[in-house]
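Here's the structure we're looking at; comments come further down.
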Amino acid sequence: MTEALFYHLERRALEDVLPGLVEKSLARGWRALIRTDTAERSDALDTLLWTYDDQSFLAHAQAGDGDATQQPVLISVEDANLNRAEIVFYVGGAQPDDWAELKDLARVVLVFDGRDSEALAGARAAWKEAKSAGHDVTYWKESPSGKFEKQN
């Protein structure tokens, strides 16, 4: 059974949260796929992962840049798991085409902006689909301090 984590942003932007989540995934020894809704968002995240920290960067590529199978982190608008990732991050409104097909992953993370009513509605629908597909679903909401807290 795949863990499906829903991260509800309320204070910070995706760009403030995603690098840390990806770093934690790499520390677990997982490859990561970041699935975006548009090529423009993919380009923006590509730049972000190279520049978000003056002291480091996250080695990655976009789909179509070299050999995807060699990438610890791959950014793509496509659902295909070209780098054999154990974790997939869905951002910017991107969602799985079929939750049932994600059963072989360690984790699926859907990050959404709770200040956007369309994103919130999409996340609610995705939650139902993930539950129906048999995933172990948890919901994490950003606290006033900016820390994510598991909700019951």
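Summary of values
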| read-out | value |
| --- | --- |
| Residues of segment 17-59 satisfying the condition of being of a type in the set (Asp, Glu) and either part of a helix (DSSP H, G or I) or free of Cβ contacts under 8 Å to residues at least 40 places away in the same chain (or both) | Glu23, Glu40, Asp43, Asp46, Asp53, Asp54 |
| Counted residues, segment 78-131 - those being touching a residue at least 24 places away in the same chain (Cβ under 8 Å), within 22 Å of Asp16 (Cα to Cα) and among the acidic types (Asp, Glu) | 2 |
| Qualifying residue in segment 64-72 (condition: in contact (Cβ under 8 Å) with a residue 24 or more places away in the chain, farther than 21 Å from Lys150 by Cβ and either surrounded by fewer than 21 Cβ atoms within 10 Å (Cβ to Cβ) or acidic (Asp, Glu) (or both)) | yes |
| Qualifying residues in segment 133-152 (those that are hydroxyl-bearing (Ser, Thr, Tyr) and surrounded by 11 or more Cβ atoms within 10 Å (Cβ to Cβ)) - the one farthest from Leu9 (Cα to Cα) | Thr138 |
| Matching residues, segment 16-57, being of a type in the set (S, T, N, Q), within 14 Å of Gly93 (Cβ to Cβ) and crowded, with 18+ Cβ neighbours inside 10 Å | Thr36, Ser42 |
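Okay, residues lined up against (1) among the aliphatic types (A, V, I, L, M); (2) in contact with a helix residue (DSSP H, G or I) (Cβ under 6 Å, 6 or more places away or on another chain); (3) within 18 Å of Leu110 (Cα to Cα):
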| site | (1), (2), (3) |
| --- | --- |
| Ala13 | yes, no, yes |
| Asp54 | no, no, no |
| Ala59 | yes, no, no |
| Ala80 | yes, no, yes |
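Each reported figure results from applying straightforward, stated rules to the coordinates on display, with no laboratory input. Here the structure is a predicted model, which is why all the values come from computation and not from measurement. All Cβ positions, glycine included, derive from the backbone under ideal geometry; neighbour counts span all protein chains shown.
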